[in-house]
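Heads up, the thing below is written out as structure tokens.
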Amino acid sequence: MSPAQPAGSRPAAVFTVTFDGLPIAASPGQTVAAALWTAGVTAWRGTRGGGRPRGVFCGIGVCFDCLVTVNGRPNQRACLVPLRPGDVIRTQEGTGHEDG
């Protein structure tokens, strides 16, 4: 039996998205929530009633606490949406439909 050989894989190229107008680095396959957490952002939604900050709670798309607006589409679950180069993410306030 011969010794194991490294696979020779290399990390994929990092790309940029924006969050509330600020550039954020993201990796291929990363979700919105993962990229925001990596950038130190832990809250990106205000509750409908009192505007209290929310971010990831369940992390599997069940609870709807991590809603964001992605490319003008409100109510996207940050823990499920994979990022693409150039995506525009915004903090979601309330239902997200008032966002301009």
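So in the range 51-77, with the set limited to residues that are out of contact with any Lys or Arg (no Cβ under 6 Å at 6 or more places or on another chain) and polar (S, T, N, Q), which one is nearest to A34 (Cα to Cα)?
Q76
Return the residues of the range 60-100 that are surrounded by fewer than 16 Cβ atoms within 10 Å (Cβ to Cβ), out of contact with any Cys (no Cβ under 9 Å at 6 or more places or on another chain) and within 26 Å of A12 (Cα to Cα); say none if nothing qualifies.
Result: N71, P82, R84, P85, G86, V88.
Scan the range 25-45 and tell me whether some residue there is closer than 15 Å to E93 by Cβ and assigned to a loop (DSSP other than H, G, I, E, B).
Going residue by residue through the range 25-45, those that are closer than 15 Å to E93 by Cβ are 43-45.
Next, only the ones that are assigned to a loop (DSSP other than H, G, I, E, B) stay: 43-44.
Looking through the range 25-45, at least one residue is closer than 15 Å to E93 by Cβ and assigned to a loop (DSSP other than H, G, I, E, B).
For the range 47-59, state whether one or more residues are surrounded by fewer than 17 Cβ atoms within 10 Å (Cβ to Cβ), modelled with pLDDT of 90 or more, out of contact with any Phe, Trp or Tyr (no Cβ under 8 Å at 6 or more places or on another chain) and not polar (S, T, N, Q).
Within the range 47-59, not a single residue is surrounded by fewer than 17 Cβ atoms within 10 Å (Cβ to Cβ), modelled with pLDDT of 90 or more, out of contact with any Phe, Trp or Tyr (no Cβ under 8 Å at 6 or more places or on another chain) and not polar (S, T, N, Q).
How about the range 20-29: which of its residues are at pLDDT below 95 and either under 10 Å from the mean Cα position of the chain (by Cα) or polar (S, T, N, Q) (or both)?
If the condition is that a residue be at pLDDT below 95 and either under 10 Å from the mean Cα position of the chain (by Cα) or polar (S, T, N, Q) (or both), then S27 is the only one that fits.
Failed condition for P3, given (1) more than 16 Å from V70 (Cα to Cα); (2) in contact with a Phe, Trp or Tyr (Cβ under 8 Å, 6 or more places away or on another chain); (3) not aliphatic (A, V, I, L, M), with all others met?
That leaves (2) as the condition not met.
The values are calculated or read from the model by the stated rules, or taken from the named source; none is laboratory data. Source: prediction; values computed, not measured. A quick note on method: Cβ atoms are made from the backbone with ideal geometry, for glycine too, and the neighbour counts reach across all protein chains shown.
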